Amino acid sequence: MPSKCFSFTATKNRCLKSSFSSRGLRSTFTDLKDGTIMHCWVPKSRKTTRPDLILIHGFGANSMWQWADTVRILSTHFNVYVPDLVFFGDSFTTRPERTESFQAECVKRVMEANSVTKMSVVGLSYGGFVAYAMAAQFRDCIEKVVICCAGVCLEEKDLKEGLFAVSSVEDAANILLPQTAEKMRELMGYTFVKAPAKVLPSCLLTDFIDEMFTQYVEEKKELLLAIAKDRKLSDLPKITQPTLIVWGDQDKIFPLELGHRLKRQIGENAQLVVIKNAGHAFLYEKPKDFHKPLKSFLLGSTKSPPPNNPQDQT
């Protein structure tokens, strides 16, 4: 079978790398000296007058595809860091750990290697689990937290009790790690209110899968299993940093109930912004509705909880 001569996804990757570079970022690798290599986009020239900000991606396309628009908007206000989590992009480990706590530790060590001691963190979906873990584990270092559509407050029993569209983590993994164009369409049906996959040809979807979903498939399944295993809300540490929670009102991956649950868990230091007519992929569906409260929250004072928002639903 002849190899394909053109890949739209690979071409898009090259364009995104160029875009990140034009925004003042450079690609780096950090050897954690324990079998773990972390890739991260970091500022070419860190400005001490700007606060430091980490953007942590979720499952799906690599960090560049998920954060390109956000980097464009925030890179003039912050020293922006965009890591690839372990088993995504160019990061990997030979260690057996698969928890979000381990991912949080790896990201923190990358920041230490870049001489960053105080930072805010934005986590999208699976990245929200990691961001929450960083806020809980490194309280003195994390100043503000943004959790985007991440079911941090889920419990293992929620799967059996019907909160999710699937009844097991294995079923979730089959959706979140598509290996065929048909499965890719199914995933996009879950993540978008109006799924664009219906009009995309199968060859483009297959190309995307070849570039994004064929590496570390089993390891990524283990990451998903680690999220839900024996998970109880009573075991979740309470974070105290000012926190912005952002959710699409029609999220089918992590239902909005989990956003309200997280707001109750954190309490008065948290603000919940619900984006109307948006699903799990609100970053693509309603980027302006996301970036406006994000920018306002991150650039506001850290001395008090976020102000009430007209979209706040508690």
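The values are calculated or read from the model by the stated rules, or taken from the named source; none is laboratory data. Everything numeric in this text was worked out from a predicted model, so none of it was measured. All Cβ positions, glycine included, derive from the backbone under ideal geometry; neighbour counts span all protein chains shown.
Here are some notes:
- For the stretch 233-244, filtering for residues that are within 11 Å of ASN269 (Cβ to Cβ) and either free of Cβ contacts under 8 Å to residues at least 24 places away in the same chain or of a type outside the set (S, T, N, Q) (or both) leaves 4.
- Count - residues of the stretch 253-296 that are of a type in the set (A, V, I, L, M, F, W, C) and either farther than 24 Å from LEU177 by Cα or surrounded by fewer than 22 Cβ atoms within 10 Å (Cβ to Cβ) (or both): 10
- Hits in the stretch 157-193 (condition: in contact (Cβ under 8 Å) with a residue 12 or more places away in the chain, within 21 Å of TRP247 (Cα to Cα) and not in a helix (DSSP H, G or I)): LEU163, PHE164, ALA165, PHE192, VAL193
- Residue satisfying all of: in the stretch 83-124; part of a loop (DSSP other than H, G, I, E, B) and charged (D, E, K, R); modelled with the lowest pLDDT among these: ASP90
- For the stretch 15-66, a residue qualifies if it is touching a Gly at 6+ places or on another chain (Cβ under 8 Å) and closer than 14 Å to PHE92 by Cβ, and the qualifying residues are HIS39, ASN62.
- In summary, LYS229 fulfils each of the numbered conditions (1) under 25 Å from VAL107 (Cα atoms); (2) surrounded by 17 or more Cβ atoms within 10 Å (Cβ to Cβ) with the single exception of condition (2).
Listed here are the residues, each with its yes/no results for (1) among the aromatic types (Phe, Trp, Tyr); (2) surrounded by fewer than 21 Cβ atoms within 10 Å (Cβ to Cβ); (3) modelled with pLDDT under 95.
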residue: VAL130; (1), (2), (3): no, no, no
residue: MET134; (1), (2), (3): no, no, no
residue: GLU143; (1), (2), (3): no, yes, no
residue: GLY162; (1), (2), (3): no, yes, yes
residue: GLU170; (1), (2), (3): no, yes, yes
residue: LEU176; (1), (2), (3): no, no, yes
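- Scan the stretch 297-314 for residues that are at pLDDT 50 or above and either assigned to a helix (DSSP H, G or I) or buried (at least 16 other Cβ atoms within 10 Å of the Cβ) (or both) and the total you get is 3.
- Contact annotation: residue pairs with Cβ atoms under 6 Å, 6 or more positions apart or on different chains, pairing a residue in the stretch 218-232 that is closer than 17 Å to GLY128 by Cα with a partner that is modelled with pLDDT of 95 or more and surrounded by 18 or more Cβ atoms within 10 Å (Cβ to Cβ), are LYS220/PHE87; LEU223/ARG98; ALA226/ARG98.
- Test result for LEU294, touching a strand residue (DSSP E or B) at 6+ places or on another chain (Cβ under 8 Å), assigned to a helix (DSSP H, G or I) and at pLDDT 95 or above: yes
- Selection from the stretch 233-274 of residues that are part of a loop (DSSP other than H, G, I, E, B) and over 15 Å from TYR132 (Cβ atoms): ASP249, GLN250, ASP251, LYS252, ILE253, PRO255, LEU256, GLU268
- Residues located in the stretch 1-55, provided they are in contact with a Phe, Trp or Tyr (Cβ under 6 Å, 6 or more places away or on another chain), outside any strand (DSSP E or B) and of a type outside the set (Lys, Arg): THR9, PHE20, PRO51
- Between SER101, SER125, the distinction of being closer than 19 Å to GLY151 by Cβ and either surrounded by fewer than 22 Cβ atoms within 10 Å (Cβ to Cβ) or β-branched (Val, Ile, Thr) (or both) belongs to SER101 only.
- Top-ranked residue in the stretch 194-208 [being without any contact (Cβ under 8 Å) to a residue 24 or more places away in the chain and in a helix (DSSP H, G or I); ranked as surrounded by the fewest Cβ atoms within 10 Å (Cβ to Cβ)]: VAL199
- The residues of the stretch 210-226 that are in a helix (DSSP H, G or I) and either out of contact with any helix residue (DSSP H, G or I) (no Cβ under 6 Å at 6 or more places or on another chain) or of a type in the set (S, T, N, Q) (or both), listed by number, are ASP210, MET212, VAL217, GLU218, GLU219, LYS220, GLU222, LEU223, ALA226.
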